[in-house]
Amino acid sequence: MGMLDGKIAIVTGSGHGIGRGHAMELAKHGAKVVVNDLGGSVSGEGAGKAADETVALIEERGGVAVSNYGNVTDHEACGEMVQQAIDTFGGLDIVVNNAGIVRDAAIWNMPVEDWDAVMAVHVRGTWSTSHFAAKYFRDQSKAGTARAGRIINTTSGAGLGGNFGQTNYATAKMAIAGLTLTLALELGGIGTTVNCIGPAGLTRITATMPGAGEAFEPDAIADDDFHPMDPGNSSPLVAWLASDQASYVNGQVIRSLYDKIIWMQGWREKVTIDNNNKKWDATKLGGRFASEVFQIAPTGINFLQA
């Protein structure tokens, strides 16, 4: 018995790299997979049949998968992808939003078209696919045939901590974390969990960074072997989050780096100062911030006289 036997999954951007690793891992544990990939370049240009390569790998290993070549920036295409899973396999249980592109440049060199393109793939693509999946999960719940839906989104270190030259990509990836938290609130009541992973690996995208080396695919690494930059290192985490075992995990951001899994906790209250029910005086904030918030100066310094 596989951990995901009877489950039906969609993995966007799974023609290569991390997405391919996810699709192969889900199939390994018994899920039937719709392998989505536009087949374009890392910058989102062109189209091809990369999804077929992943499907072939899954089928060689005894799994079940079908290709989808839809562009996740096309809202209706995302709906058609969800419907394909339902029509082909009889339903939908798991959505892994992984599709992404990069168009890096410092903000003063970045054309607005590159901002729009990256935001469209990452944010709108994640939202549109989740939109149609959520409608299906909600309809099933209202009909009394609720499924233990799983939506797993993808953030990155750039999104959680920023990265020079990636105002578009980093913003998109942080937006996905926010989207995840809200979807978790909206869908938790019908038994659907929504979580976010932050994977790593030497993919076509990361290989564009100077000195990163050449990308390789997850299938280049045997199941029992470990390589720190294997694009498939995060895929077991995805499979577990997609399983019934993880039904209690909702609205979380979890990174997977090399052989490490890291539970992230963001924007928490760290230091609070108050003004005794009085409106703040901007001229007095410097001293309070220095001594009480950032703790870079001893209490009592008068910054107006310094």
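The values are calculated or read from the model by the stated rules, or taken from the named source; none is laboratory data. For clarity, every value in this text was computed on a predicted model and none was experimentally measured. Cβ sites come from the backbone with ideal geometry, for glycine too, and all protein chains shown count toward neighbours.
Of the helices (runs of 4 or more DSSP H) that lie entirely inside the stretch 73-165, those containing 1 or more residues that are at pLDDT 95 or above and on the phi < 0 side of the Ramachandran plot span 75-89, 112-119, 125-142.
Rundown of residues vs (1) within 14 Å of the chain's Cα centre (by Cα); (2) closer than 27 Å to Pro218 by Cβ, yes/no style:
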residue: Ala50; (1), (2): no, yes
residue: Gly63; (1), (2): no, yes
residue: Val96; (1), (2): yes, yes
residue: Asn109; (1), (2): no, no
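Looking at (1) surrounded by fewer than 19 Cβ atoms within 10 Å (Cβ to Cβ); (2) touching a Gly at 6+ places or on another chain (Cβ under 9 Å); (3) modelled with pLDDT under 95, which one does Glu45 not meet, given that it meets all the others? Result: Glu45 passes all but (2).
Residue check: is Met3 among the hydrophobic types (A, V, I, L, M, F, W, C) and not assigned by TED's automatic domain parsing to the domain that holds Thr154? Walk me through how you get there before you give the answer.
Numbers: among the hydrophobic types (A, V, I, L, M, F, W, C): yes; not assigned by TED's automatic domain parsing to the domain that holds Thr154: yes.
In short, yes.
Restricting attention to the stretch 2-36, the residues that are crowded, with 24+ Cβ neighbours inside 10 Å and either on the phi > 0 side of the Ramachandran plot or not charged (D, E, K, R) (or both) total 22.
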